[in-house]
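The values are calculated or read from the model by the stated rules, or taken from the named source; none is laboratory data. Keep in mind that this is a model prediction, so the values were computed, not measured. Neighbour counts run over all protein chains shown; Cβ positions are idealised from the backbone, glycine included.
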Amino acid sequence: MGMVPHDIDSLRRFQLSRVDTIRDLWGLATSPSLETLLVTECREIQDIAPVMTLPTMKLLSVDRCPNVLGSSLRVRNNLEELTLSGCRFLRDVSWISHCDRLIKLVLSQSIALEDIEPLAFLPNITSLDLSFAGTYLEHVYFLRSLPHLTELNLSGCSGVWEVEPLAKAPVLSHLNISRCELVHQIAELSRSTSLKTLDISGCKGIPEYEVSALLIGSPSIRLIGSKSWIVSSSSDWDDGTSSEHDDDEEHHQHEAAAVGTAGDTAPGTR
């Protein structure tokens, strides 16, 4: 790192943005108090290992740093939130499995990801964002073993084709598979005892009978999607057609009442 912050001993939060002269983070490696580090659009940084072992580090965000390859150190640390977004050459995530205190992990738009199975060894993760992680990512079934995972975002993962095994994820409540065009089957997700929200927007390959089977098996699931036939299947969806239907029904009821009134005669007039 080209410079060391003058107040490094008391530094708790530090932000680097659009600094192309910095190639590493060694200047922060001795900070005794650093808890939050935000690195944005620093295009020459490759290795984030120097700050991974800081005992006080809780949140590390690396956003749009395309040459970041991850960490060369595979050591346990105290990170609770880690973001590696837009790191287009990031392939290996095995080192992340040593971040066993992670609660939230964001790997969105890191398009070179292939094998994410090491993430299945994160015992405390509750939120995982893999949105638009590229065409190489295919399998996610092993994420069902994560005991505390409640939110999973697979939006735009164009290589993912099988999501039904995630029904066995014990506490998964929010699943986003929007724009996963290879997904065709979702009915088995009805076996989930925890799923509350499912986003299937832009999933052109899911047939109507799969959606119907899902809703019959688990009518409490809130579906988010753009297909018109979902409207009649989910009470949480409203695109305005239900109110029109109610107006028509009310109109017919008024007509029927009017006919009944006209057919009645006052007492004593016959």
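Would it be correct to say that R43 is over 30 Å from R179 (Cβ atoms) and either among the basic types (K, R) or crowded, with 21+ Cβ neighbours inside 10 Å (or both)? No, not satisfied.
Checking each residue in the range 57-84 for being in contact with a Leu (Cβ under 8 Å, 6 or more places away or on another chain), at pLDDT below 95 and hydroxyl-bearing (S, T, Y) picks out no residue at all.
So is W237 in a loop (DSSP other than H, G, I, E, B), in contact with a helix residue (DSSP H, G or I) (Cβ under 7 Å, 6 or more places away or on another chain) and either of a type in the set (S, T, Y) or modelled with pLDDT under 95 (or both) or not?
On the way: in a loop (DSSP other than H, G, I, E, B): yes; in contact with a helix residue (DSSP H, G or I) (Cβ under 7 Å, 6 or more places away or on another chain): yes; either of a type in the set (S, T, Y) or modelled with pLDDT under 95 (or both): yes.
In short, yes.
Contact map, the range 134-157: first residue on the phi > 0 side of the Ramachandran plot, second residue surrounded by 15 or more Cβ atoms within 10 Å (Cβ to Cβ), Cβ cut-off under 7 Å, separation 6 or more or different chains; pairs are G134/I111; G134/A112; G134/L113; G156/S131; G156/F132; G156/R179. With respect to the conditions (1) small (G, A, S); (2) under 23 Å from L143 (Cα atoms); (3) assigned to a loop (DSSP other than H, G, I, E, B), S31 lacks only one, and its number is (2).
Here is a list of conditions, (1) over 22 Å from L119 (Cβ atoms); (2) at pLDDT below 95, and G159 meets all of them except one; can you say which number that is? G159 satisfies all of (1) over 22 Å from L119 (Cβ atoms); (2) at pLDDT below 95 except (1). All conditions but one from (1) buried (at least 19 other Cβ atoms within 10 Å of the Cβ); (2) touching a Phe, Trp or Tyr at 6+ places or on another chain (Cβ under 7 Å); (3) within 16 Å of Q46 (Cα to Cα) apply to S108; the one that does not is (3). For T193, the requirement of being farther than 30 Å from L73 by Cα and either out of contact with any Asp or Glu (no Cβ under 8 Å at 6 or more places or on another chain) or not in a helix (DSSP H, G or I) (or both) is met. What about R23, is it among the charged types (D, E, K, R), closer than 20 Å to L84 by Cα and modelled with pLDDT of 90 or more? Criteria not met by R23. For the criterion of being at pLDDT 95 or above, in contact with a strand residue (DSSP E or B) (Cβ under 6 Å, 6 or more places away or on another chain) and buried (at least 18 other Cβ atoms within 10 Å of the Cβ), L146 fails.
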